[in-house]
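Here the structure is laid out as structure tokens; the discussion comes afterwards.
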Amino acid sequence: MIPIRAVFQKEVVDNFRDRRTLLSALLMGPLFGPILFASVINLSLKQSLSNIDEALDLPVIGRENAPNLIAYLESHNINIIDAPQDLDGAVDAVKLGRHDIVIVIPETFGEDLADTVPATVQLISDQASTTAEREARRAMRALAAYNSELASMRLTMRGISPVIMRPLNIDIVDVSTPSGRSAMLLGMLSYFFLFALLTGGMNLAIDATAGERERGSLEPLLSLPVKRDYLIFGKILAACLFMVLSLSLSLVSFYVTLKFVPLAELGMTPNFGPDVVLIAFLLLAPFALVGASLMTLVASFTRSYKEAQTWVSVVLLAPTLPILVVSILQVRASTELMFIPSLSQHLLLVGLIRNEALNLLHVGVSVAGTLLVGALLTWLCARLYRREGLLG
Amino acid sequence: MIEVTDLHKSFGDVKAVDGVSFAARDGRVTGLLGPNGAGKSTALRVLYTVLKPDSGTATIDGIDVVADSLGARRRIGTLPHGSGLYPHLTARENIAYYARLYGMDCDSIDAAVQTVIEQLDIGEFADRRTKGFSQGQRTKVSLARALVHGPQNVILDEPSNGLDVMATRALRDLIRQLRFAGRCVLFSSHVMQEVAALCDEIVIIAAGKVALHDTPDGIRNAMGCEDLEEAFVKAVASVGGL
């Protein structure tokens, strides 16, 4: 036991002095990820929020042809602005991006309406551009509303109830809670945390074999009267410590950044208070053992530090796979799924953010299953460490 | 006391060590001499248990390196070829780390580290991080690390590599001190003068076999040469090692 402690303490001291480890463990993973995530969400939220409130500027050609339509649009939060002279000018303006959308009302509009012939309204937009598409949709909605209003009036004038045109009454009942909607958005959060956790111990895991070998310190180390199992246990434990440290930092930094994201304005109230941060930490922390042992295992197969870095980076992507599959298949949490590391953490975290009651059985299976897989991988590492091929 | 009997070790088709036997006794300095690729390092690596022999036995103070590798390792201090240090730790911390792993008492570690630092005259840079140390400084720290627990048997693989004249002389003095203290010193080298100046016994290895094992004078007589270097070349040629 004493050698494990000696190795553990040495690795901790060594890595706290290593700028590369510190940078990736305590800065990149924990801070960069959540801040990037939060600012991207912030930006996209701001954009979609402002678009609902702001009046839409709509250039119209031939507005004098349809005064009633123009009045209707203006009363529905749309500013009619000056448009290019003719159709060609309008197409050019949209192509060049001067306008997102232009509406053209032909001279025959009033005549057609009076004759109850479908009157044409042209809407010019670039459907490939996302902002233009959104504006076009708003304009379309306004035109469709005007359309059905006119239709109703015509039916009423002929003594027919407009209700006849609505055989179906579609009533959408949205059962999503504000926390539930946040879970969709914050579903990728679990990956950010697992990513931060893994980056925290990456350098230590590589150093355990590839790094020591490249430096030439592995051979003297192995000639010491210490069981090789103890050496590898000490190293994996140290990697776990850095991973857990990185995880807690990223949770805290996310807790702080989330305060600056106006999620409530979108009807989302993510359940991410201090108590949730603590529970999330306890749910995610067991994954450190899996991460540390898996990375050490992968690194021990490689010949050099560089090669190890390449392969271990692949491990960084490993936890995304189950999460990805689950998000596509829309799988719900079940006891069997709790045996799969990273997936179980993801499902539990999503449930937590949804403000659902924690299923203690699920938590138990997740923690035990993850630790079991971690122990198995650690055992494999220890076996590999006993090979003489380890020296390369 | 280190004893090697009919040791074999191959890597694929290459027979690195092909039936080597020799003994290195306490209170004597034994030199393993041979051309590059003769199998010196492989033999030493079997002795400090990072390689397992294909056949044959090796014992340290009577302890078999395969059956009780942990016990054998407790009896030795080693300086493997091209030993590396931990660059973020100071020289003192590097040495103390090994002292802890040798299982020394926490109370005695500081004193033992200080003793070996003085012995090897590395006090000047003992509290600097080893990043950027010269080859000579690194070798000295590695050596201190190998000797901190006062091992009965000392195995050094090309210890004088990269050392300047002063450092080489200091190393020789150290090895003589170890001999005087009754330790068993086994070291490999391909530098003739060094072996001639230090060794009580020389084991000449070539092509994985022992070509000759004798005192320096014995080797000169056996080969009929006044010059040890000539004798060495003849001995190596006799087993087809050239």
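Only the coordinates and a few stated rules stand behind these numbers; no lab work does. No experiment lies behind these values; they were computed from the predicted model shown. When we count neighbours, we look across all protein chains shown, and the Cβ atoms used for this are built from the backbone with ideal geometry, even at glycine.
According to the Cα-based calculation, Rg over Rh for segment A:243-366 is 1.02, with Rh computed by the Kirkwood formula. Over segment A:64-116, Cα pairs under 8 Å with separation of 6+ residues give a relative contact order of 42 percent. For A:Lys235, a cut-off of 23 angstrom between C-alpha atoms picks up these lysines, skipping any fewer than 8 places away in its own chain: A:Lys10, A:Lys227, A:Lys306, B:Lys131.
Just checking the listed ones, A:Thr302, A:Thr320, A:Thr116: in the Gaussian network model of chain A with Cα springs under 10 Å, the one fluctuating most is A:Thr116. Phi angles across segment B:57-63 convert, under the Karplus curve 6.51 cos²θ - 1.76 cosθ + 1.60 with θ = phi - 60°, into 3J(HN,Hα) values of 10, 9, 10, 10, 6, x, 9 Hz, Gly and Pro given as x.
Remark: segment A:110-118, residue by residue, has Karplus-estimated 3J(HN,Hα) of x, 4, 4, 4, 4, 7, 6, 9, x Hz, where x stands for each Gly or Pro and the curve is 6.51 cos²θ - 1.76 cosθ + 1.60 at θ = phi - 60°. Of all DSSP bridge pairs formed entirely within chain B, close to 50 percent run antiparallel. Each residue of segment B:115-132 is assigned a 3J(HN,Hα), and the resulting list reads 4, 5, 5, 5, 4, 9, 6, 10, x, 4, 10, 5, 9, 9, 5, 6, 4, x Hz, derived from the Karplus form 6.51 cos²θ - 1.76 cosθ + 1.60 (θ = phi - 60°), x at Gly and Pro. Quick check on the protein assembly as shown: of the DSSP beta bridges with both residues there, what percent are antiparallel, nearest 5%? Close to 50 percent. A cut-off of 5 Å between modelled amide H atoms, ignoring neighbours fewer than 5 places along the same chain, links B:Gly34 with B:Ser189, B:Ile205. Fewest neighbouring Cβ atoms within 10 Å first, the residues A:Met202, B:Met223 line up as B:Met223, A:Met202. With 5 Å bins beginning at zero, the pair-distance distribution over Cα atoms of segment A:55-171 amounts to 2, 11, 20, 21, 18, 13, 9, 5, 2, 0 %. Using modelled amide H (1.01 Å from N, peptide plane; none on Pro or chain starts), what sits under 5 Å from the amide H of B:Val210, excluding residues fewer than 5 places away? Placed amide hydrogens put B:Ser21 under 5 Å from B:Val210. From the alpha carbon centroid of segment B:2-31 to that of segment A:313-392 is 49 Å. Panel values: segment B:23-70, Kirkwood radius from alpha carbon pairs, Stokes-Einstein at 10 °C and 1.306 mPa s, translational diffusion coefficient 134 µm²/s. Note on B:Glu118/B:Thr215: beta-carbon distance plugged into 1/(1 + (r/R0)^6) with R0 of 41 Å gives a FRET efficiency of 0.80.
When shorter helices are ignored and each DSSP H run of at least 4 residues is given -39500 (n - 2.57), the per-residue value for chain A at 222 nm works out to -20000 deg cm²/dmol.
Between amide H atoms placed 1.01 Å from N, distances below 5 Å from B:Ile202 occur with B:Gly31, B:Asp214, B:Thr215, all of them 5 or more places distant or on a separate chain.
Give me the percent of DSSP beta bridges within segment A:55-171 that run antiparallel, rounded to the nearest 5. Percentage antiparallel, nearest 5: 40. Between A:Phe281 and A:Glu54, the C-beta separation translates, for a Förster distance of 60 Å, into a calculated FRET efficiency of about 0.90. Could you run the Debye sum over the Cα atoms of segment B:49-130, one equal point scatterer each and no solvent, and tell me log10 of I(q)/I(0) at q = 0.18, 0.21, 0.27 Å⁻¹, two decimals? Those come out to -0.87, -1.03, -1.30, one per q.
Across segment B:83-151, the relative contact order, built from alpha-carbon pairs under 8 Å that are at least six residues apart, equals 52 percent.
Each listed q (0.07, 0.12 Å⁻¹) maps to a log10 I(q)/I(0) for the protein assembly as shown from the Debye sum over equal C-alpha point scatterers, namely -0.64, -1.16. Based on alpha carbons, the Rg and Dmax found for segment B:83-151 are 10.7, 31 Å.
For the pair A:Ile328 and B:Lys52, a Förster radius of 45 Å applied to the C-beta separation gives a FRET efficiency near 0.35, rounded to the nearest 0.05.
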